[in-house]
Amino acid sequence: MSENRHGRKWTDGLDNVLGGQNLVDMDVPESLPSTPTVKLLPDVWVLKIGGQSIMDRGRKAVYPIIEELVEASKAGIRFIVGVGGGTRARHAYSLGLDIGMPTGALAKIGATIPLQNARMLQMLMAKHGGIILYHIHDDFEKLPLYLSAGCIPIMAAMPPFGFWEKPPAVGRLPQNRTDAGMYLFAEFIGARGMIFIKDEDGLYSADPKKDHNATLIPQGEAGELLASGQDDLIVERVILEYMQRATHIREIRIVNGLKQGQVAASLRGEPIGTVIRAKP
């Protein structure tokens, strides 16, 4: 044990680039060496099944997607499925807002509905190897085993920020909801790719359900989409912010789960739906 130049006790042999640094200094991140990060599961796709767009539609929407996922799994394609909350989550948010719940409480409440949907999807896929991940921070180290055994891991897509959800710039709704949760998970594991399964062919210039003149945007750039101020985006806006500083997942794809074959085609890497990329 010795004293460093700042007069602090220091264990000999533990000298490092951050020793004695104030981690809030603005120049600290820029001074650190640039070391490539490890892709933990680089051959695994991450899928997000929409709650309102898919799960709320019931059997007619869910069963065909399950068939495509099962066939993809049998073909050796590995993936992890996240599920959104849908209309019931929106109802819970509305009640929480009405009675004055803060953002962190809304995030905690909003996390319960996606788990219900994930549990239903797991039961439907149980005979095909569907297995639910209740607590991803506890189950992560088991993921390689589940995947190598041919299981299909299914999780609630809400990120586990809970009470620690960041206050949004406007209002109280959590900005990190189920789309963001699966995107951040895909970035963490260095996934093969991130696919959002929605009820539209991709991103449109406006909401095609409300504006019949809306046109499909087959490709988009994250920064430009944010700067455009487009009111309707098919994924949570915060994802486009994250993409621009991400290391691994700088591209996402949106496909129409209501059109047979689109999910399977996207898992084969075929150019389908809308692709949004961040500039290199």
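For the stretch 92-133, the candidate set comprises residues that are under 14 Å from Arg177 (Cβ atoms), among the hydrophobic types (A, V, I, L, M, F, W, C) and in contact with a Pro (Cβ under 7 Å, 6 or more places away or on another chain); within that set, the residue that is surrounded by the fewest Cβ atoms within 10 Å (Cβ to Cβ) is Leu106.
Reported count of residues in the stretch 64-119, each being of a type outside the set (D, E, K, R), under 22 Å from the mean Cα position of the chain (by Cα) and in a helix (DSSP H, G or I), is 25. As a summary of the residue check, Ile254 satisfies the conditions (1) among the aliphatic types (A, V, I, L, M); (2) closer than 20 Å to Ala72 by Cβ; (3) out of contact with any Gly (no Cβ under 7 Å at 6 or more places or on another chain) except for the one numbered (3). What do you reckon, is Gln230 at negative phi, touching a helix residue (DSSP H, G or I) at 6+ places or on another chain (Cβ under 9 Å) and either assigned to a loop (DSSP other than H, G, I, E, B) or without any contact (Cβ under 8 Å) to a residue 24 or more places away in the chain (or both)? When the stated conditions are applied, Gln230 does not pass them.
Among the residues making up the stretch 263-280, those that are assigned to a helix (DSSP H, G or I) and either of a type in the set (Gly, Ala, Ser) or modelled with pLDDT under 95 (or both) are Ala264, Ala265, Ser266. Put simply, of Thr178, Thr103 the only residue that is out of contact with any helix residue (DSSP H, G or I) (no Cβ under 8 Å at 6 or more places or on another chain), hydroxyl-bearing (Ser, Thr, Tyr) and touching a residue at least 60 places away in the same chain (Cβ under 8 Å) is Thr103. When only residues in the stretch 134-158 that are within 22 Å of Asn176 (Cα to Cα) and touching a residue at least 40 places away in the same chain (Cβ under 8 Å) count, which is surrounded by the fewest Cβ atoms within 10 Å (Cβ to Cβ)? Restricting to residues being within 22 Å of Asn176 (Cα to Cα) and touching a residue at least 40 places away in the same chain (Cβ under 8 Å), the top hit is Ile136. Count, please, the residues in the stretch 147-174 that happen to be among the aromatic types (Phe, Trp, Tyr) and within 16 Å of Lys74 (Cβ to Cβ). Result for the stretch 147-174: 0. Scanning the stretch 131-170 for residues that are in a strand (DSSP E or B), at pLDDT 95 or above and within 28 Å of Arg237 (Cα to Cα) turns up Ile132, Pro153, Ile154, Met155, Ala156.
The values are calculated or read from the model by the stated rules, or taken from the named source; none is laboratory data. Treat the numbers as computed from the prediction; the structure is a model and nothing was measured. A quick note on method: Cβ atoms are made from the backbone with ideal geometry, for glycine too, and the neighbour counts reach across all protein chains shown.
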